[in-house]
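Take a look at the structure set out below.
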Amino acid sequence: MKRFYAVLIPACAFGFVVFFAGFGGGDDPMYPSGAPPGYTNSPGDGKNCSHCMGGTVEPIADWITSDIPASGYVPGTTYAIAVTVSGNGNKGFELSPQDLEGNLIGTLIAGTDNALVGSGKYVTHHLASEIDPTTWIFHWTAPTPGVGTVTFYACAVVGELKTKTTTMVAPQHGVGISELAPRKARIFPNPIQNRLSVSFNGATTGNITLEILSITGKQISSIYEGTSSTGDQTMTFPVDLEAGIYLLRIGRTDGNQVVKFIVE
């Protein structure tokens, strides 16, 4: 038992120094490459920030968002994932998509102001941020068919010794790409900047409306009202939106669709 504690205490001390340094502010942080791997609060990792830093732990809902459809991810497709952290003080995060055994599911692709650690198993902030809220955007390529539901586990630090944990569950879609693609509207590229292109497939000729909504469903603007024909179609519109996550509602005679997109 004495030998166990002799190893554990220095390890935790090192974890405290490295992890907390990753949340240092200013232009020259002590550890600019973010948090060390293994602190996502997943069942496989079994640890979150508080295990070495102390402080309080609070579960938070909806801090992880994505453009994965409600019907589930399509194997092999790449999706945009966003982690939004709010509160007073410096902020940072670490996320990993895993199964219950702690295996990485799919492939993470780092974005702006974030980086991969742990041989690509985790994505973390590259620099701590005092902006409230702060959103980090990166990408995830879905795994091969047959994997099933994937859970995204994330841990965030807000200020000193305040740990937040959050998850997002993504099921696998029950049909193949060839069946899904003609029916589901798609925004590209996603994230967007100042131009939005949407492609969709219409079963019938009829009226169509395109509306941009906030992530809470409040209408921001109507960008198109007119008619559409059957078959594959693509429309492109200029947009002037602040960075964040939005919804595009497509209203058609043969049904409505809502597609999530991100503005960088």
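Residues within the reach of a label modelled at residue 144 (point 7 angstrom out along Cα to beta-carbon, backbone nitrogen below 18 Å), restricted to the stretch 82-114, are 99, 103-108.
Between the amide H of residue 67 and those of 80, distances stay under 5 Å, these residues lying 5 or more places away or on another chain, with hydrogens modeled in the peptide plane. Of the peptides 165-173, 193-201, 233-241, the order by per-residue mean of other Cβ atoms within 10 Å, starting with the highest, comes out as 165-173, 193-201, 233-241. Inter-part distance, the stretch 58-81 to the stretch 111-151, computed on C-alpha centroids, equals 11 Å. With the cut-off at under 19 Å, measuring from each backbone N in the stretch 226-264 to a point 7 Å along the Cα-to-Cβ line of residue 86 picks out 242-247, 261-264. The simple spin-label model puts a point 7 Å past each Cα toward its Cβ; for residue 232 and residue 115 those points are separated by 4.0 nm. Answer rounded, prolate or oblate for the stretch 92-242, using the Cα gyration tensor with square roots of eigenvalues a ≥ b ≥ c: rounded when a/c is under 1.5, else prolate when a/b is larger than b/c, else oblate. Cα axes put the stretch 92-242 in the oblate bin. Please tell me which of these pairs span more than 24 angstrom C-alpha to C-alpha: 47/121; 91/121; 164/218? Pairs exceeding the cut-off: 164/218. Look at the dipole of the stretch 182-263 built from charges on Cβ: of 239, 205, 258, the Cα furthest out on the positive end belongs to 258. In terms of the mean number of neighbouring beta-carbon atoms within 10 Å, the peptides 122-130, 60-68 order highest first as 122-130, 60-68.
Read the figures in this text as sums done on the coordinates, not as results from a lab. Everything numeric in this text was worked out from a predicted model, so none of it was measured. Note that we place each Cβ from the backbone using ideal geometry, even for glycine, and neighbour counts take in every protein chain shown.
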